[in-house]
1. In Å and on Cα atoms, what radius of gyration and Dmax does the stretch 264-320 show?
2. Translational D (Stokes-Einstein, µm²/s) of the stretch 432-501 at 4 °C and 1.567 mPa s when Rh comes from the Kirkwood sum over C-alpha pairs?
3. State the dimensionless ratio Rg/Rh of the stretch 172-323 (Rg: radius of gyration of Cα atoms; Rh: Kirkwood radius).
4. Calculate the all-directions average of the projected area of the stretch 287-437's alpha-carbon convex hull, and give it in nm².
5. Note the full-extension length gain between Gln270 and Phe105 as 0.36 nm times their separation in residues minus their Cα-Cα distance, in nm to one decimal.
6. What is the set of long-range amide H partners of Asn84 at a cut-off below 5 Å, with H atoms built 1.01 Å from backbone N?
7. Quick check: Cα centre of the stretch 340-380 to Cα centre of the stretch 200-228, how many Å?
8. Taking +1 at the Cβ of each Lys and Arg and -1 at the Cβ of each Asp and Glu, which of Phe286, Gly402, Leu176 sits farthest along the dipole of the chain towards its positive end, judged by Cα position relative to the Cα centre?
Amino acid sequence: MRSSTVSNNSVSLYGIRRRTQLPIALLMVLSLGACGGDTGTASTGTANSPQAVPPNSSAAALLAPAPVAPAAPAEQPSLVSLANGEGAALTVSTTGSIDKGNAFFKAFGNGRSCASCHQESQGWSIRPDNLQDRFTQTNGSDPVFALNDGANSPNALTATIDQKRLAYSMLLTKGLIRVGLAVPADAEFTLVKVDDPYGYASTKELSLFRRPMPTTNLKFLSTVMWDARETFADARSNLCIRNSRPLQCFATTDLDLLHQSNSAVTGHAQAAQGLTAAEQRSIVDFEKTLFTAQITSLTAGNLTDAGAKGGPLELAKNNFYFGINDIDVGDYVSGAPFDRNVMAMFSTWRGLDRPTPPIPPAQGRPGQPGQPPSAINIARASVARGEQIFNNKPFNVSGVAGFNGELRVALQRATCTSCHSVGNVGSHSVPRLFNTGVSDASLRTPDMPLYTLRNKLTGEVMETTDPGRAMNTGKWQDIGRFKVPSLRAIEARSPYFHNGGMVELTDVVKFYDKRFNIGLTPQEIIDLTEFLKVL
């Protein structure tokens, strides 16, 4: 293993435009009370999940229906948009405001709260630019900079400011939290080699660097955590993936989130005692009220203009339940076949880049020549084209663990919506996790550990920067598999992928274009990127 020092390249500051607050008067009289769905109908779990409903969970806390949260005081307005590199995002709450008195914002253990890593201004995650500001303002003493998982190694030196910069380089440059997990005792593979630039990871504990998931838009959630380690199987449940062999059934998302809130406080915040049942309930209920989406674009303007349905108010109206629009068998409730036209927010912007037709002379008035499209309409037409590319641009999917294997097709003709299949959201409605190659050794950067795994039965060897789901199931086929994240408000929470490996949305588009040999033209790459920016 390498020493715990880091190369200069790995600690270079992450360059991104500074975001500032931008208040708006928009939507002040609208109510979301009728828009929130019952997320208890959306369960979570993962393919081949070994986790059962946690036996030590309090029945009162985990199984009781969620109470209706009281309306927050009027002096706590939530309709404030927060600027980002491409415009501004907006969070709204079904209670009418964001209750800063909620346990979500309460400090525990080492001084962290849920909000330490889940901030409204960053899409309810964290960004490196903000973390760098917090580091500078506090000399690295902000609670987010904790050795247990904020540092590259819990043994890192932090006596001086320079040592702290090295110790927290993964957090400062990519917004990554270190997740320490041991290989399951009954795993189908063994760890045969570790190359850790920080000199810590071993057979006892792997260091897995991951982005904090957003704590908003949870109405559309089917899998909790990147690797689904907070997603629990429940053989008694009727929330089952159809055609799965053996049948995979799962507990509700509500139960998963309650358990996850407690795990976060005892783990990330190092609290000596877990949350009370009331605190768990309060945090989860708060999170489930939040809806976040881009509301304005620097180039396309307001995302609700000209018939468009962008923004969080329209987002909150979207339907969701376990198995909605499933790629394998269609819709579990309506019985409708899978519909690849998942995104339908910007259809009214199609063709806005066409010149206006000339006006012929009439009643003695001279005719008028056609006018070229405005800059804003050119931008809006690009967004609309990107939406159609996302829905309908076909490509072949093969060799994707969790997709081809579970759907039992070696080659699948697909579009982006085959994985991002929940309408106007882009999440996945059942707990399937896919390996698209994000953690492959070929994409490893010098700041990432590399793990060499060997299949106990076949002797096959695989190198990866993160085994993903396999760290929970122990299954060889689960190596490198991660959840499908929601795409709404994605511009607010860069960088991307579980490991922060892509800085810009253009990078993400180009990655998948190359991975699946889609054959996007330069203009299609621009259009698809512009669409993702306004989600």
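The values are calculated or read from the model by the stated rules, or taken from the named source; none is laboratory data. Note that the structure is a prediction, hence the values are computed from the model and not measured. Heads up, the Cβs are rebuilt from the backbone with ideal geometry, glycines too, and the neighbour counts pull from every protein chain shown. Side chains are part of the model used for accessible areas, which takes the heavy atoms of the whole protein and leaves out ligands, DNA and RNA. Shrake-Rupley method; radii C 1.70, N 1.55, O 1.52, S 1.80 Å.
1. 17.9, 54
2. Details: Rh = 13.1 Å.
Once the numbers are plugged in, D ends up at 99 µm²/s.
3. My calculation puts Rg/Rh at 1.04.
4. 12.9
5. Working: separation 165, 0.36 × 165 = 59.40 nm, distance 1.56 nm.
That pair, Gln270 and Phe105, stretches by 57.8 nm at full extension.
6. Ala89
7. Using only Cα atoms to place each centre, the spacing works out to 45 Å.
8. Of the candidates, Gly402 comes out farthest on the positive side.
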